[in-house]
Amino acid sequence: MTKKYAMRFAYLTLLVVMGGCAVSTPLPPDVNVQSPVSSVPKEIAAFSGKWVGRWDGRLDGTLVVENIEGRDAIMVYSWGSVPEWNIVQGFVRVHGTFGEDNVLRASLSTGVKVSYTLTPDGTLNGRYERENRISTAQFKRANK
C-alpha cells in the first residue's frame, strides 16, 4: 500500500469511527445534559443530548439539548470557523420550543432562526434561516 493510499485509508477510518463527521466547535465549560423527565413525550425526549453536523457541508455545527421541560428546551448552538466566509467560531445558549409537529425551533439574537427535525433513522435535519439565506445540515448523535 502506498503512502498516499495509507493516509486516505486512515482518514476514512477516522470518519467512520467519528460517525462520518469530525466536527470541531467550542462549547461552554458548564454544558450539562439533563435526562428528560418521564412526562416528556418520547418523540421530544429523543432530542436530548449532543449532536454534530456540518452546515452546507462546510461549517461545523454542534447542538446540545441540555434540558427539556414540556415543550421548552435549553440548548447550546455552537459553530466552527470558516475564514472564507468571515465566520469565527462561537456558541450561544438559547431557549427553544417544540411545535405540535415536534420540530425544535429557536431564534438567535442575530435574527437567525434555526430548526431541527428528528428523522426516522435517528438523525436531525437542521435548517438555518437568516434574511434570504437558508442553510441545511444533517446532525448525528455524538458520543459525549
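The values are calculated or read from the model by the stated rules, or taken from the named source; none is laboratory data. It should be emphasised that the depicted structure is a prediction, and the values quoted were computed from it without experimental measurement. So basically every Cβ, Gly included, is an ideal-geometry build from the backbone, and we count neighbours across all protein chains shown.
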Exercise. For residues that are of a type in the set (Lys, Arg) and touching a residue at least 40 places away in the same chain (Cβ under 8 Å), scanning just region 38-63, find the one that is nearest to THR136 (Cα to Cα).
Key: ARG54
Quiz item: In the set VAL65, VAL23, which member is surrounded by 19 or more Cβ atoms within 10 Å (Cβ to Cβ) and part of a strand (DSSP E or B)?
Solution: VAL65
Quiz item: When you go through ARG93, ARG130, ARG71 one by one, which is the residue that is closer than 22 Å to SER39 by Cβ and of a type in the set (Lys, Arg)?
Solution: ARG71
Quiz item: What about TYR116, is it aromatic (Phe, Trp, Tyr), farther than 23 Å from PRO41 by Cβ and in a strand (DSSP E or B)?
Solution: no
Practice problem: State whether one or more residues within region 4-18 are outside any helix (DSSP H, G or I) and modelled with pLDDT of 50 or more. | Solution: no
Quiz item: What about LEU108, is it in contact with a strand residue (DSSP E or B) (Cβ under 7 Å, 6 or more places away or on another chain), closer than 24 Å to ASP30 by Cβ and either of a type in the set (Ser, Thr, Tyr) or crowded, with 20+ Cβ neighbours inside 10 Å (or both)?
Solution: no
Quiz item: If you go through region 111-121, how many residues are more than 14 Å from MET75 (Cα to Cα) and either basic (Lys, Arg) or out of contact with any strand residue (DSSP E or B) (no Cβ under 7 Å at 6 or more places or on another chain) (or both)?
Solution: 2
